[in-house]
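Below: one structure, written as structure tokens.
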Number of protein chains: 2
Amino acid sequence: MADKDLNTENKILGAAEDVFIKKGMDGTRMQEIANKAGINKALLHYYYRSKEKLFMAVFNLAISKFIPRIEKIAYSDIPFFDKIRMFVEHYGNLLYKNQFIPMFVLSEIRRNPDQLANAILSQGVNTDAFFSIVQKEVDEGRIKPIEPRSFFINMMALIIFPIAAKPMFLRILYKNDKREYDQMLRKRLEEIPEFIINAIKV
Amino acid sequence: MADKDLNTENKILGAAEDVFIKKGMDGTRMQEIANKAGINKALLHYYYRSKEKLFMAVFNLAISKFIPRIEKIAYSDIPFFDKIRMFVEHYGNLLYKNQFIPMFVLSEIRRNPDQLANAILSQGVNTDAFFSIVQKEVDEGRIKPIEPRSFFINMMALIIFPIAAKPMFLRILYKNDKREYDQMLRKRLEEIPEFIINAIKV
DNA sequence: GTCTATATTGTGATAGAC
DNA sequence: GTCTATCACAATATAGAC
């Protein structure tokens, strides 16, 4: 972050990403962003008029990178269970490498649900592709009856929750052993699809 | 809240619970608590010396009410799968009736992990009872091999995540229809145990 | 115990020199 | 474009009257 060879605007955005995503809107100080970017507070306001606008730039950037893009996998020509495996592997890895993202998004939406949910919707989440293939599996009797949205929520819960709740589970169940916790998270990426498949197969 | 027949200290604590649990430490203003309690700011400091101390009172109270107490179910004399059903039913209902609790706990632990995880640990979470009965089921070949902590996390994920992420899923998947979302949450309490049982049964 | 008034501090934002 | 200095306001906390 804040590399010497970036222009000032990008240095600011990079530093703002770091701080906002770790600490959230309310927990972030403009001073900390300025320090991390190697400039002073006044320049933040020169490039982005307010904290709110800088935050929205970071939020929209985060959303654009971390919204699940499932159309490609959904419409690909592989068996349904392999689609599950591929999605969990792909999306789980993305979040594993960016572990602060889930709590960032959840916290900010809790703080300001209407505006920020709209920010997500306006970037075009496309879950319909996923829902229709799940429904088709159900209709054709290849998996147990399940409401596609519930199924989606189950899958996201199993992927996201252990990352979002890491600060808690790490201390309460794993004696603050970060290495072991991350090992568990990686192992989950293989176990979750099988867990799900066993749960729904006929 | 702030009923006329409560003494001042309890009026304050009740009002503080309402506000802190919805908005978190950073999002809460002492003025709002005072208003909701029907008193003025100075009295808050008379009873609780600082915002921090008032917050800790609320946090510890929340923890004492919402930590899962699994020993009783774990050691009861019913089949393992019925224990799962009973726990999901019981704990799920508790959180369903207190839907702000999960994000409150997760957010605050993210903000201040060491102090607040200790606050939880010092109230004595007892997950060992649960872990040992899961391990026994595995050892005796009645369920598929699974690490007890992973299993616990899966179960908690399926119960908690749809509540914690409600502000997001409600708007993105349910067109802001609160009634339908709550209906889905209640229905899940019956579906989750079967989902889990299918996933692990041999 | 409860109030009003005020002190104190922190922080987002702006003015103005260079 | 970038800086220093400063403003303006919000929020916690305290003093002191009753």
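Determine, yes or no, whether B:Lys201 is over 16 Å from the mean Cα position of the chain (by Cα) and free of Cβ contacts under 8 Å to residues at least 12 places away in the same chain.
Judged against the criteria, B:Lys201 is not a match.
Out of A:Glu89, A:Glu32, A:Glu71, I need the residue that is charged (D, E, K, R), modelled with pLDDT of 95 or more, surrounded by fewer than 21 Cβ atoms within 10 Å (Cβ to Cβ) and closer than 30 Å to A:Ala199 by Cα. Which one?
When all the criteria are applied, what remains is A:Glu89.
Could you list, ordered by first residue, the pairs with Cβ atoms under 6 Å in which the first is in segment B:86-106 and in the same structural domain as B:Ile70 (by TED's automatic domain parsing) and free of Cβ contacts under 8 Å to residues at least 24 places away in the same chain and the second is polar (S, T, N, Q) and in a helix (DSSP H, G or I), at least 6 apart or interchain?
Filtered contacts from segment B:86-106: no entries.
Within segment A:113-134, can you find the residues that are within 8 Å of chain B (Cβ to nearest Cβ) and of a type outside the set (S, T, N, Q)?
A:Pro113, A:Asp114, A:Ala117, A:Ile120, A:Leu121, A:Val125
Go through (1) modelled with pLDDT under 95; (2) surrounded by 17 or more Cβ atoms within 10 Å (Cβ to Cβ) for B:Asn126 and report which single condition fails.
Status for B:Asn126: all satisfied but (2).
If you scan segment A:17-54, which residues turn out to be within 13 Å of DNA strand D (Cβ to nearest atom) and among the hydroxyl-bearing types (Ser, Thr, Tyr)?
A:Tyr46, A:Tyr47, A:Tyr48 - these are the residues of segment A:17-54 that are within 13 Å of DNA strand D (Cβ to nearest atom) and among the hydroxyl-bearing types (Ser, Thr, Tyr).
Hey, could you check segment B:171-186 for residues that are assigned to a helix (DSSP H, G or I) and at the interface with chain A (Cβ under 8 Å from one of its Cβ atoms) and say which is nearest to A:Ser122 (Cα to Cα)?
For segment B:171-186, the residue satisfying everything is B:Ile172.
Could you check segment A:34-85 for helices (runs of 4 or more DSSP H) lying wholly inside it with 1 or more residues that are within 9 Å of DNA strand C (Cβ to nearest atom), away from chain B (no Cβ under 14 Å) and free of Cβ contacts under 8 Å to residues at least 40 places away in the same chain?
By residue number, A:41-47, A:51-66.
Tell me whether segment B:194-202 contains one or more residues that are of a type in the set (Val, Ile, Thr), touching a strand residue (DSSP E or B) at 6+ places or on another chain (Cβ under 9 Å) and in a loop (DSSP other than H, G, I, E, B).
Scanning segment B:194-202, I find at least one residue that is of a type in the set (Val, Ile, Thr), touching a strand residue (DSSP E or B) at 6+ places or on another chain (Cβ under 9 Å) and in a loop (DSSP other than H, G, I, E, B), so the answer is yes.
What is the residue count in segment A:144-162 for residues that are crowded, with 20+ Cβ neighbours inside 10 Å and more than 9 Å from every other protein chain (Cβ to nearest Cβ)?
Total satisfying the criteria: 2.
When segment A:87-108 is examined, which residues are found to be acidic (Asp, Glu) and either more than 14 Å from every other protein chain (Cβ to nearest Cβ) or under 28 Å from A:Ile133 (Cα atoms) (or both)?
Hit for segment A:87-108 is A:Glu89, nothing else.
The values are calculated or read from the model by the stated rules, or taken from the named source; none is laboratory data. Model, not experiment: these values are computed from the prediction. A quick note on method: Cβ atoms are made from the backbone with ideal geometry, for glycine too, and the neighbour counts reach across all protein chains shown.
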